[in-house]
Structure formats: structure tokens, C-alpha cells
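One structure is given here, and the rest of the page talks about it.
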């Protein structure tokens, strides 16, 4: 299970680490662990000098005793340099053995030497199978973990190997564990960024999270006149203009009340006493809802079918109705006219642009009317 | 902050009629009792600890009422444990609120976005109920700009805002606070994610009142966008009460000097980048004169006791802080990639240091230098530069032993390393008997003692056995059930336990749940604990703030059983990844006691059993 996670990624790295390892050891800086590397490398060298499959267990038995003795020698891990094999001559595969070795060596310390022997025996079998290196490593680590956990239960090595082998593929070794080590995201970028740190230092993962809303909402900005803070609405959550209007009321009711009369808002015990924002769609209320479509045109909300509105709207605004007065009539007229003209030929698609074309086809009279409307709209400077 | 029970708990006791000493029923108390209540209120107002107040409120109804009238600070450890309405109805005169939301593992991306902990219902309720609210501290809460706007407009006497590990707001919200909260004393943004959309960054610093402000503490080191420096400098100049200033990494060392010149009274300084502005860099060949100037500036800031920042530190500027080192009690180098050689001359001068945060780039050698000088050290945090499970570790057991030998008064340690030995941990347990917080993170998964090959059981066992004041423990490395047996047996004061990739079987969790009777917060990930272990804690879950278990071996059958047996426990199953949609296995479990029942704002990927 969890053992799979361990060092899953290391295999490719290890293959490259041999020269580094050597430097690592030569520097002599650091803890005892590094000295282990030296001795383990040498032990491995002893093994690698040996032939293939069937002789392996016997040979391992011999070398293992040798290495166990040395390991058990009190306090110190350094083998006498009797092997004489130059570390650099060993190939990439040894790197793989190295870490495995460090674990298996470690477990031998628990004086379960027989089981340890069985470990190596099983490892030998795996190696001779020449399976995917990563799988080997994982399965060996599984056994190693299982061994330490079992603490002396002498499970049959072949059983171990088989069981481990079958389940060693459960985790793709390339997936790093989420949230491990447990440092906050703004600390994770330290190693990779040099000065100056990116602005994303506050959370490399956050931008992805920000956009992720189950991926299914259609969030749209909505601003209200007089309130500096905008909100967002999810158009997919509603299926009619009435519901949208109610939602807008909910979003801004509190803010509007707070802005108008801070103390009154504070003293109210009953939140329902705040004035509701009504009449957004019919032009009767204090505020009117307008939207900007994907071609940049500003339009009143409510005139086109809901689905069309959802697909074309890009931003919403809640404007004071008085500011809309002149041009609202114009705009309303334009939209209504366009809608009418659009609907009459029975076409589909974008209403305004199509209807503009329709208008042009139908003749200059309507075209003039449209021009006049646009002129008035810009003059009214509603938007 | 003390991990105290929230106010709701006392309410639970009285709500069930547990206390009834004055013989009255629902009629208003007779005159003599009202006098008594007045007297009582006058006495109770001196009680400040929430625990004491909770206890007092359980004595009888009279005391319950008196306590509710006199409580000024409300502490809500889990925003879903009680509804805003219930809290505001019971406590009518609150001036300060502390509110905590998401579980801590949310910091490590284990809790999906939109999970909850929204500020909106709380700010709406408080806007109506507490018009005289002065202080607010939020931790791991989702705060929107509109919430900050409402806050700014609803509390005319608002003074202190601290946001810790929050997200969802941007500079627009900050602008609203700056502009409307005319009595603001504290604005502390600590490790928040402050995001702005596209190009909508606002110049919020310019929104502070033009007149002399009452600002005492301003911290924005987590804000990703640059602030208007001239406005900041002017703000600091007209804030004579300012004693804490933490700027973000966009502030260069030249700008820092100007700020420090305006505010020589500062005691806590977040230094921003501590590197030179790029344009000025070519002029500072060798940086000699500028370091001297900077040192003079520091020399003039005689009150400094806490330094942080150093986000892009250029090591040749470090000597500038020598003049204040001797006075420093707190030093945060956790963003400074410096080696031991660069640390030593600084740390050698910091004899009075009590809190030290550093990156592991200083290595064991750096830690030895710390141990040699900082005899008064109380808190140490060593963060990894390269936070991966297979990175090269720079600190090891050697550093830990050195610290334990040099810093005997250590109370709290957070230590990231690649590998560790039992003997080092045992040594620390013997040397540092005052330890209250021990968090060791061996980044390599399932790493045993690298010298003996044994699991790390004995090390952590020694910690719980020898450190008798231990309240918080985080374990790592290769651990068997034995480690948990130790924790259950000896960790009698442990309140917070974090477990990752540890244990062999259900026994491990059972030991903890049956043994640690002060346990309040339990967070476990990737450990083989299953239903039977979960069920062994039924006797204790009502005493806890929360339990988090992810990637363990739980099934929905076991979780449902817990939910049935404990009706006041909210049991949430979070299924946010595709592979979680297997109905039986539960990959993320979050459960907490609550008076409010199932919350109504749970997103679709949360199932409440």
C-alpha cells in the first residue's frame, strides 16, 4: 500500500547518481548514512562479480554473511578496503541495487538474518527475471517493509516475491504524493526560483484551484453602480431571468444596505428588513440589469431567450434606472425591433447582428431608424 | 493560541438543562436574584479565559446568563461547530471574535477548493448582532472581497483584523478596509493567498486616511502584488503608533531604509526582499557603502526585537543587522537561502534569541552555531529548501543533537530532514524536558533509522515518555504500531497529533484513541487504519475538535456506523478525485462535533453521513 509510494521516483534518478554518490562520499560531509553508502557499494560489488540465476542464492548467502559480520561490527560501517573494485567501474544497475541494499542492510540489523537472507534470495530471483527496474524496486521495498512490519514472521520468500510482484504495479512511480512533505505552497518554489521570486510564490497550485469550480459553472462578473466591489454569478445555476434577478438581489442587498447607512445596517436585528432590489427586468425598479455580450454591445437583460442570453453574455451590470431613461428606451427599441425583425424571417443565431443584416436588406428606412437610435444612445451616454 | 473549547460547548451543557440552581423556571428572576446577577456580572467580567468562562456558565442558569452578558471575546475553534445565529443569540456583547475554519491539511492541498468555511454567514450575522465589534481573527477561512466590504461598512469601531492562512480576497477588499475602518490599529495578513483578477490590482495603501492614523501593526508580506511605495512611506510617516511593519518582497533594501527612517520606533520588522533594487545594483560595486548606510539605519532602530522577511536576501547585506542582533528575540530566515558561513557571524551575536526560523541550507554546521549561542532558544523551525521526498537533505541527526545540547529551554521544534536516528531523538527528549511541541518531518517516506535500520518507534517513544509537557506531536519515518502504543501510554497531555505514512494495523490508531484522553485534533494520512480502529474512538470523539483521515483503510460502512452512533458528530466524506467514486472505500474523512448539525453549504463532492 503505502510502501509503494516510497522511493518510487528514485529509480531514474539513482541511475544518474553514481558519480554524485561518489563525490558525496568523498566529501565526508554529513551523517553516518553517507558512510553506509560506501560500505554498501562495496558489498554490492562483491555480489555483482557473480554469475546468474541459480547460483545466486548460494553466493548471496556467502557474501551476506560476510557483509553481516562487517555490518555488525560495533559502531562502524567502514569495510576494509579489501575488495579493491573501483566504484566507477560498476554500471548503472548498481545504483538501483544501492538503495535497495541500504534498506535490506538496515533490516538485517534486526538480527533476523535468515529472513534477511531470504530477502536477498528473493531479490536475486527478481533480478534474474529482469523485470522493469521500477517494479523490482517497488516490490523489494514492499517486501522490505513487510518484513520489518512482520518482525520475524518467516514468510516464504517465494510467496513474498510473488505477492509483491503482482501488486507492485499499483502505483505509477512518477506521481508525487500530494501534499508531501507538508510545507505550504509558497515554500515549495524556493528551490526552483532564484531572485526575484515569482508572484505565484503564494501558491503555485492556487491558480489551478482558482479556476477549478467543478469545471462546470459559468461564472460571470457583475458590478453594481455605487458599489466598488464586484461579485460573481454562476449563470448555469439558474434557468430563468426571474431566478437571476432574485440572485442579484441576494448578492447586493446586504452591500447596498451597508453602504447606504452603516449604522442602520449594524443595528438591524432582522436582516430581512433590508430593502430588496426589485424591478431589475421590467424597468420599474430603482435599478436595471444590463449585460455586455461577446461583441461588446450593452443590452438590456430579459429580451432574448434565456439560453441565448447565457451563451452570449460576458459581463453583467446593475445600473440605476434613472441613468438609463433616455437611452434605455432607445436601446429597448433597438433590441425589440431587432428581435422582431430577426424573428420574422425565422432565422436563428445571433440576434442583433443578424437582424442588422436583416435591417439592411429590408431597406433604408429601418436602417435610418437604427442609426438614429444608436446616435441617441451614445448621446444619452447611458453606458 | 490555546486550543480551548469553543463557546458552543458550554451552551450544549446548559441547553440540556444541566444547571438549575435558582429554582426559577422561565419567569424572570425575582428582584434579589437580579441583584445577585448584577453582582455576578461585575465579578465575571474579570474572567478572561474561555475555559474558565465555559465552566462558570455551567454552574446554574443565573451564572449562565451573567456569563453570556459579560463575555467579550468569542473563540470558535471550528466554524461549523455552531451556527452564527446561535452564537450571536447567546453572547450579546462580543467585542472580539476568533474564528477558525478548514482543517490544517488544507494547507497541503488535501482539502479541495470550495469545500467551505465561508466567512459570509458569519459576517452577516455579526454585522447585525455586534455593531461594536472591534477585533476579528480568522484562520483558514474563505473570505471574499464582498465580505471585507461588509465588514468595513458594518463595524464603525473596528480596530484589529488578522487574517491567517485565508484566501478568496484581493486588493479590492483591502482597499475597503483601509478606507472605511477609520480606527484601524491592526491589519495583519499572515500567509494568506491574496489574489487579484487579471489587472484589477488596486492601490489599497493609498486608501488609508490622510490624517494621522492609529495604525500599530501592518503586515502584508504575503501580498503578491507590489504596493505604491510613496503612499506606503507617507502612511508610515503619519502613523506614529506603528510598532510592527511587515512588507512584501517587492520592497527593496533601499526602500526599506526609507521606511525605517520614518519609523525608528518599530519593534517588529518584516524586511521585504533585503536585496537591492535591480536598477540600483550596478551602482553598488561590492556593496560596501550601502551596507554601511543600512547598518546605520539599523543602529538607529534600537527597539527592534523581531526581524523577518529576507525574501531575496543578498548575503553581503546581512552584516547590516549586526547592531540589532543582541536585542533580537525573534529572527525569521526561513526564506533566506544562506549557508552556514553566512549565518554564523549573524547568529553569533544573537544571544537573546528565542524564536528562530531558518532554511536547511545552513546545514548541521549552522545549527551547531545556533546551539552554541542561543541558549535561550524556545522555538526552532527548520524548513526544507527543496521540499521533495527524495531531495538531498542538508540537516540531519547531527544538527538535532547539537540543538538539544545547546538549547535546553527549547519548547517547540519543527524539523524537516531526509533521515534521522532514534538516538538523536532520544537525546533531544532527554535534554529538552520543556518540549511542548515536537514535530519531526522525515521527508523520505517510511525512512527507518538510517544507522540501525530500525523503525523510529523508540525515538518518538522517548519523546512522549520524557517530555512530560508535550501537547503537540507530529510523527514521520518508518513507524510500527509500537510507536502508537508509546504515544497512547505516555502522551497523556497530547492535544494535537499528526500522523503520515505510519503504522501497521488498526492497533496503532486504537492505542492512540484509547490512551490519549486529552486528544483534541487528530490528522492522519496514508496510514493503514480501518473501520475497527475508527470505531474504537467512539467514546472520545465528542471531546475532540476534529478528526481527519485521508488515504487510510476506511469504508463507508464504518463511517456510517460512527455517524449513527454519534448523532452530534458531523461525518463528512470528501470525494473530490475521480478514483474516489468507488462507493465503499472512503478516501477522505473529516468529522467534528457540532451543535449545528449538517451544514447547508456543502459542495457536491462532500457527502455528510
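Of the helices (runs of 4 or more DSSP H) lying entirely inside segment B:429-546, those carrying at least 2 residues that are within 14 Å of chain A (Cβ to nearest Cβ) and closer than 30 Å to residue B:405 by Cα are B:457-466, B:481-490.
Each row is one residue, and each column tells you yes or no for (1) part of a helix (DSSP H, G or I); (2) touching a helix residue (DSSP H, G or I) at 6+ places or on another chain (Cβ under 9 Å); (3) within 23 Å of residue A:187 (Cα to Cα).
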| site | (1), (2), (3) |
| --- | --- |
| B:299 | yes, yes, no |
| B:311 | no, yes, yes |
| B:318 | yes, yes, yes |
| B:321 | yes, yes, no |
| B:327 | no, no, no |
| B:342 | yes, yes, yes |
| B:351 | no, yes, no |
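For every residue, the table says whether it meets (1) at pLDDT below 50; (2) surrounded by 14 or more Cβ atoms within 10 Å (Cβ to Cβ).
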position	(1), (2)
A:169	yes, yes
A:179	no, yes
A:194	yes, no
A:198	yes, no
A:213	yes, yes
A:234	no, no
A:241	no, yes
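Let's see how each residue does on (1) under 16 Å from residue B:371 (Cα atoms); (2) in contact with a helix residue (DSSP H, G or I) (Cβ under 9 Å, 6 or more places away or on another chain); (3) at pLDDT 95 or above:
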{"site": "B:390", "(1), (2), (3)": "no, yes, no"}
{"site": "B:404", "(1), (2), (3)": "yes, yes, yes"}
{"site": "B:408", "(1), (2), (3)": "yes, yes, yes"}
{"site": "B:414", "(1), (2), (3)": "yes, no, yes"}
{"site": "B:426", "(1), (2), (3)": "no, yes, yes"}
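Among the residues of segment B:232-259, those identified as closer than 17 Å to residue B:314 by Cβ and outside any loop (DSSP other than H, G, I, E, B) are B:247, B:253, B:254, B:255, B:256, B:257.
Counting residues in segment B:78-90 that are closer than 16 Å to residue B:148 by Cα and outside any helix (DSSP H, G or I) gives zero. Looking across B:134, B:200, B:160, B:191, one residue alone is surrounded by fewer than 21 Cβ atoms within 10 Å (Cβ to Cβ) and more than 26 Å from the chain's Cα centre (by Cα). It is B:200.
All told, residue B:98 meets the bar of being in a strand (DSSP E or B), buried (at least 19 other Cβ atoms within 10 Å of the Cβ) and modelled with pLDDT of 90 or more. When we screen B:561, B:607 for residues that are in contact with a strand residue (DSSP E or B) (Cβ under 6 Å, 6 or more places away or on another chain) and surrounded by fewer than 18 Cβ atoms within 10 Å (Cβ to Cβ), the only hit is B:607. Quick check: anything in segment B:382-402 within 10 Å of chain A (Cβ to nearest Cβ), assigned to a strand (DSSP E or B) and closer than 22 Å to residue A:187 by Cβ? So far as segment B:382-402 goes, yes, one or more of its residues are within 10 Å of chain A (Cβ to nearest Cβ), assigned to a strand (DSSP E or B) and closer than 22 Å to residue A:187 by Cβ. Among the criteria (1) within 14 Å of chain A (Cβ to nearest Cβ); (2) closer than 20 Å to residue B:142 by Cβ; (3) surrounded by 14 or more Cβ atoms within 10 Å (Cβ to Cβ), the one residue B:570 does not fulfil is (1).
Taking segment B:405-421 as the range and being surrounded by fewer than 23 Cβ atoms within 10 Å (Cβ to Cβ) and either within 14 Å of chain A (Cβ to nearest Cβ) or touching a strand residue (DSSP E or B) at 6+ places or on another chain (Cβ under 9 Å) (or both) as the test, the residues that pass are B:411, B:412, B:414, B:419.
The values are calculated or read from the model by the stated rules, or taken from the named source; none is laboratory data. Here the structure is a predicted model, which means the values were calculated and not measured. Every residue, glycine as well, gets a Cβ built from its backbone with ideal geometry; the counts of neighbours run over all protein chains shown.
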